[in-house]
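To keep things clear, I will list the structure first and then write my remarks on it.
Every number here is computed from the coordinates shown, using simple stated rules; none is lab data. Fair warning: this is a prediction, and the values are worked out from it, not measured in the lab. Every residue, glycine among them, receives a Cβ derived from its backbone with ideal geometry; neighbour counts consider all protein chains shown.
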């Protein structure tokens, strides 16, 4: 079952102000936590998208170097 209510920002504030102080503090912590987790997810995504990438020649050089390292190990 789903229920939807259309209320504006001022109505939400009015309802929040009617809450006991303890519940307002709990709501504040919850909202701050959600905001910070969204920021960290966005910053991680930004970091990943801006990270350097290897070209085909870089990958080929890496594989060649790994191959030489693996062959030079004494088994």
> Build a GNM of the chain with springs between Cα atoms under 10 Å: which of 43, 57, 33 gets the top mean-square fluctuation?
Replying inline: 57
> What is the gain in length, in nm to one decimal, between residue 45 and residue 73 on full extension, counting 0.36 nm per residue of separation less the C-alpha to C-alpha distance?
Replying inline: 6.3 nm
> In degrees, nearest 10, range 0 to 90: what is the angle between the Cα axis of helix 56-72 and the longest Cα principal axis of the chain?
Replying inline: 60 degrees
> Given the rule -39500 (n - 2.57) for each run of at least 4 DSSP H residues, summed and divided by the residues of the chain, what is its mean residue ellipticity at 222 nm, to the nearest 500 deg cm²/dmol?
Replying inline: -25500 deg cm²/dmol
>> Can you tell me which of 22, 46, 60 moves the most in a GNM of the chain? Springs connect C-alpha atoms under 10 Å apart.
In response: 60
>> Under a crude label model (7 Å from the Cα following the beta-carbon direction), how far is residue 27 from residue 53 in nanometres?
In response: 4.5 nm
>> Neighbour counts of other C-beta atoms within 10 Å: give me 2, 61 arranged from fewest to most.
In response: 2, 61
> Each label point is 7 Å from the Cα along the Cα-to-Cβ direction; what then is the distance between the points at residue 63 and residue 38, in nm?
Replying inline: 4.3 nm
>> Counting other beta carbons within 10 Å of each residue's own, what order do 9, 62 fall into, fewest first?
In response: 9, 62
